[in-house]
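Heads up: the structure comes next, in structure tokens.
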Amino acid sequence: MKSKILYIVVPCYKEEEVLPETSKRLKSKLEALIEQKKIDSDSKIMFVNDGSTDNTWKIIQELHNSDKIYSGVNLSRNRGHQNALLAGMTVAVEYADMIISLDADLQDDINAIDAMVDNYLNGYDVVYGVRSSRKTDTFFKRFTAEAFYKLMKGLGVDIVFNHADYRLMSKRAVQGLLQFKEVNVFLRGIVPQVGYPWTTVEYERAERFAGESKYPLKKMLAFAFDGITSFSIKPIRLITSLGVGISVVSIILLIWTIVTKILGGTVAGWSSLMVSIWFIGGVQLLCLGVVGEYIGKIYAETKHRPLFIIENILNEKKKGE
Ligand code: UDP
Ligand code: MG
């Protein structure tokens, strides 16, 4: 049986500080796996440059020139981590039997790759990398991330706990994934929808060895919000029940006001009137905002914009073939 080709897809946004080291480590990992005959010698590391403004693409070109084990995909502009990953997988699926997605900063332990490949060879189509602990994350990051997973679960979104985007997918799983034509890409939510046999592999998450996070709080919040509104309509249901509840309460209040008036009670005060007007107004605005969020999503989806545009691809055959 012919051995299987592995592509490691690495999205890179302004990663000039980490790329030299990352490329070295990934290459020795890949070569060790080739040596052990677990994967084919055509296996490669594919860097996706997500519209970086620094030397990232130049470094990728140099790496490709020095060794064809490195290949590169250059996006026409910055499209964000998820889109960059999808772009890389779209290209890689043409050549690879299995694809591992990994962050450029190697916060995710690359020694888990062996176990991922083993699981693939044992017949699993999707192998999720799962953090065994979050010791190295700041308290804030850990707390917000765990709250996020719990919230997603509570809202009925099927995601794997403590799994980021470090995972192995077989060719057919990636092909399945690419059939999802949605514009609001939240891979962690879509991949479980693809199905096929899956398993998990545990690893320790380290700190970034160089450079700083490209995911500031603002992007993190946007990402979480996107994940929830892309996969769950529970917020709309909640609003509907809230609306029903408030209507019932206001009817009771109305009856009570009429009754007290008939019985000769004093007219309700100005302040309570103001408070209720403001309160109802606020609730209405909130509801409108959330409903609008969904309409915005429908709007984006119906446009069917391409998620990324590839400027060029570096992927030559290795020497001696
Ligand atoms: N990334 C990207 N496009 C972006 C932002 C980030 O391709 O617009 C990449 C980045 O280069 C890295 C990965 O996504 O490989 C994860 O980013 P980072 O490590 O900064 O996030 P964190 O680990 O802090 O959540
Ligand atoms: Mg990181």
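Among the residues of region 129-142, those identified as within 13 Å of ligand 1 (Cβ to nearest atom) and of a type in the set (Val, Ile, Thr) are THR136, THR138.
A quick yes/no check of all residues on (1) surrounded by fewer than 17 Cβ atoms within 10 Å (Cβ to Cβ); (2) touching an Asp or Glu at 6+ places or on another chain (Cβ under 7 Å):
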site	(1), (2)
TYR7	no, no
GLU17	no, no
LEU26	no, no
LYS44	no, no
PHE47	no, no
LYS58	yes, no
LYS68	no, yes
ALA92	no, no
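Taking region 40-61 as the range and being touching a strand residue (DSSP E or B) at 6+ places or on another chain (Cβ under 8 Å), within 15 Å of ligand 1 (Cβ to nearest atom) and either touching a residue at least 40 places away in the same chain (Cβ under 8 Å) or at positive phi (or both) as the test, the residues that pass are MET46, PHE47, VAL48, GLY51, SER52, THR56, ILE60.
Residues checked against (1) within 16 Å of ligand 2 (Cβ to nearest atom); (2) in contact with a Pro (Cβ under 9 Å, 6 or more places away or on another chain); (3) at pLDDT 95 or above; (4) not in a loop (DSSP other than H, G, I, E, B):
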| position | (1), (2), (3), (4) |
| --- | --- |
| GLN61 | no, no, no, yes |
| ARG79 | no, no, no, no |
| GLN82 | yes, yes, no, yes |
| ASP103 | yes, yes, no, no |
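Scanning region 107-126 for residues that are within 16 Å of ligand 2 (Cβ to nearest atom) and farther than 14 Å from LYS29 by Cα turns up just one, GLN107. None of LYS37, LYS27 is away from ligand 1 (no atom under 16 Å from the Cβ), in contact (Cβ under 8 Å) with a residue 12 or more places away in the chain, over 30 Å from GLU182 (Cβ atoms) and in a helix (DSSP H, G or I) except LYS27. Go through region 242-268 and give me each residue that's at pLDDT below 70 and either in a helix (DSSP H, G or I) or surrounded by fewer than 11 Cβ atoms within 10 Å (Cβ to Cβ) (or both). Residues satisfying the conditions are THR266, VAL267. Confirm whether LYS218 is under 24 Å from ASP54 (Cβ atoms) and either touching a strand residue (DSSP E or B) at 6+ places or on another chain (Cβ under 9 Å) or in a helix (DSSP H, G or I) (or both). So LYS218 fits the description; yes.
Listed here are the residues, each with its yes/no results for (1) in a loop (DSSP other than H, G, I, E, B); (2) more than 16 Å from ligand 1 (Cβ to nearest atom); (3) in contact (Cβ under 8 Å) with a residue 12 or more places away in the chain; (4) buried (at least 20 other Cβ atoms within 10 Å of the Cβ).
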| site | (1), (2), (3), (4) |
| --- | --- |
| LEU106 | yes, no, yes, no |
| ALA115 | no, yes, yes, no |
| ASP118 | no, yes, yes, no |
| VAL127 | no, yes, yes, yes |
| THR144 | no, no, yes, no |
| LEU151 | no, yes, yes, no |
| ASP158 | yes, yes, yes, no |
| ARG167 | no, no, yes, yes |
| VAL174 | no, yes, yes, yes |
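The values are calculated or read from the model by the stated rules, or taken from the named source; none is laboratory data. Treat the numbers as computed from the prediction; the structure is a model and nothing was measured. Cβ atoms come from the backbone with ideal geometry, glycine included; neighbour counts cover every protein chain shown.
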